[in-house]
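Each remark here refers to the structure printed beneath this line.
The values are calculated or read from the model by the stated rules, or taken from the named source; none is laboratory data. What you see is a predicted model; the values in this text were computed from it and never measured. No Cβ is skipped: glycine too gets one built from the backbone with ideal geometry, and neighbour counts run over all protein chains shown. Just the protein is used for accessible areas: all its heavy atoms, side chains included, with ligands, DNA and RNA removed. Shrake-Rupley method; radii C 1.70, N 1.55, O 1.52, S 1.80 Å.
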Amino acid sequence: MFTLVIGGAASGKSEYAESRVVRLPGRRIYLATMRPWDQECRARIARHRRLRQDKGFETLERYTDLAGAEVPAGANVLLECMSNLTANELYDPEGGGQEAVLRGVDALLARCGHLTVVTNEVFSGGTACEEDTLRYLRALARINRLLAARADTVAEVICGLPNYLKGGPLP
């Protein structure tokens with residue numbers, strides 16, 4: 001099974017994704033993609049760790065080369081988040097671009113029991129951006145479209161409420 005959770009900043013998408021994964025039986029892996037570049041990033045990472053504390057997640061940090069992540073077979077994986085992973089793959093010297101992101105998702109789907117990917121909604125704020133920012137937004141939009149086409153469930157979270165675009169809630 002594959003679930004894509006999309007939403008704007010502070011929409012509640014992370015909390016919603018976590019609530020789905022904790023209801024699944026079996027091992028839970030939180031695949032963290034945010035590099036701790038600065039104090040703001042470290043604070044966000046600390047907040048997310050506190051939020052998932054006592055929920056049974058094992059954390060695996062992976063900033064690029066998702067295909068190389070050592071995820072236990074059959075585990076329930078929560079990838080948080082595709083937006084960071086895409087930026088890392090595009091701009092990090094070790095990054096492999098958009099295709100590395102897609103290869104990584106394929107590798108996870110072949111290995112895990114259930115994959116839940118959290119990603120940001122893009123372009124609702126317009127396109128008045130620098131060219132490099134537009135390059136990133138276009139790449140993320142393409143990846144989101146390809147993942148949505150493959151996913152069993154796509155939920156857009158607005159104000160903490162899921163709107164199912166494809167599939168539906170877990171039984």
What's the total number of residues in segment 11-48 that are of a type in the set (A, V, I, L, M, F, W, C) and over 27 Å from GLY95 (Cα atoms)? 3
All but one of (1) in contact (Cβ under 8 Å) with a residue 12 or more places away in the chain; (2) open to solvent by less than 50 Å² (accessible area, probe 1.4 Å); (3) not acidic (Asp, Glu) hold for LEU51; state the number of the condition that does not hold. (2)
Would you mind telling me which numbered condition in (1) touching a residue at least 60 places away in the same chain (Cβ under 8 Å); (2) in a loop (DSSP other than H, G, I, E, B) ARG35 fails? (1)
Checking the condition open to solvent by 60 Å² or more (accessible area, probe 1.4 Å) and among the hydroxyl-bearing types (Ser, Thr, Tyr), which residue from THR33, THR59 passes? THR59
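Just to be sure before I move on: is LEU115 surrounded by fewer than 18 Cβ atoms within 10 Å (Cβ to Cβ), among the aliphatic types (A, V, I, L, M) and under 20 Å from LEU147 (Cα atoms) in the structure I sent?
no
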